[in-house]
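Q: One structure, pasted below without further comment.
What follows is calculated from the coordinates using simple rules that are stated; it is not laboratory data. Since the structure is predicted, the reported quantities are computational estimates derived from the model, not experimental observations. Virtual Cβ from ideal backbone geometry, glycine too; neighbours counted across all protein chains shown.
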Amino acid sequence: MRSGAIGSAIRLGLVVAALIVGGLEPGTGLRSRRHRAHARAQAQTSPQAQAPVQTQAEAQAPVQAGAQAAVQAPAQDAVALAGGTFRMGLPPSGVAAAKVRHGIDFPGIFQNEVPVRSITVSPFRMDRWEVTNARFLRFVEAQPGWRPAGAQAGRAADDYLRHWTGGRVPPGLERHPVTFVTWGAAQAFCRWAGGRLPSEAEWEYAATDGDGREFPWGEASPTPALANFAAAGLGNTATVGRYPPTGPGLYDLSGNVWEWTLDAWEERPGEEPVRDPVAGGPVDDAAAALVMGRRVIRGGSYAGSVVNLRTRWRDSHEVSNAVAFVGFRCVYPA
């Protein structure tokens, strides 16, 4: 190999290593200057609530044989949100203020959050906690086509549930959020449970409690007592309910794991007022979702920096990828 090629290979390896250390899977949010700014920002980096492993109804739900079994488990302690009209996103004037507050001045940083727009969301219910390994196990037991060893072609990535052993949850991780799940797997779980993934608008409405706050708990910057992020030092997922609830009683909307949403990725959403928007339109079929490319993820993770935990911060991930720092929660009809 010529010296130039060797140098290029070394540089590529360093870039990939830096992304992994910063908490981003190579290829996540890197398709534009704004996404590269996201990656650089990502590299900077109460009494415990008792969240049940599963509800009694879920535990007693019958398991039917066959990949198409129509078994449904009820929502696990979903929180009712009244819905309403709120200001979603960041005004152009807010970009400079955000740069100053967080000490970041990369080109394009925070531009994915612009413009601010008036959004109306209908009433809905949202999972109080991120979906846990224990809940997801109930799903794969009821739906054999989603078992790690039997996931149908086009449904799951090679890394799907890679942290499970022999198709089972490792001891001690039952109440941790499930990870290594594709967008299609997350949406399939939510449909089985009687709901769907939240739209990006629903997610931000819940995280801000409709009032535009910087973080789910208010304006104060994150601390290790408030959320699981890189500076907290855990270096992995935490039990759901470990940190204080925010807004209407929701846990871990910032930190722990990024959360899949229903929306296809758009770098700059439109400015017009909208009711119940879903970018790209809802897609229920996991195989069809593969052609949709990237979907929005929200909330930051245990590997993320402070800016990733902001309620307006937007990023995206390939629908076919299953990684260690992306999970989900579901929403349900009011």
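Q: Kindly provide the Kirkwood hydrodynamic radius of segment 78-332 in Å, to one decimal, from all pairs of distinct alpha carbon atoms.
A: Values: mean 1/r = 0.0549 Å⁻¹.
The Cα-based Kirkwood calculation yields 18.2 Å.
Q: Tell me, in nm to one decimal, what length is gained between ALA97 and ALA80 on full extension, where the rule is 0.36 nm per residue of separation less the Cα-Cα distance? Don't jump to the answer; show the numbers that get you there.
A: Values: separation 17, 0.36 × 17 = 6.12 nm, distance 3.30 nm.
Answer, rounded to one decimal: 2.8 nm.
Q: By the scheme Lys and Arg +1, Asp and Glu -1, what is the net charge of all other residues having a beta-carbon under 11 Å from that of VAL121?
A: Working: positive: ARG275; negative: GLU200, GLU202, GLU204, ASP276.
For residues surrounding VAL121, the net value is -3.
Q: Could you work out the percent of alpha carbon pairs in segment 80-138 separated by over 18 Å, rounded to a whole number?
A: On the way: 1000 of 1711 pairs.
Everything past 18 Å amounts to 58 percent.
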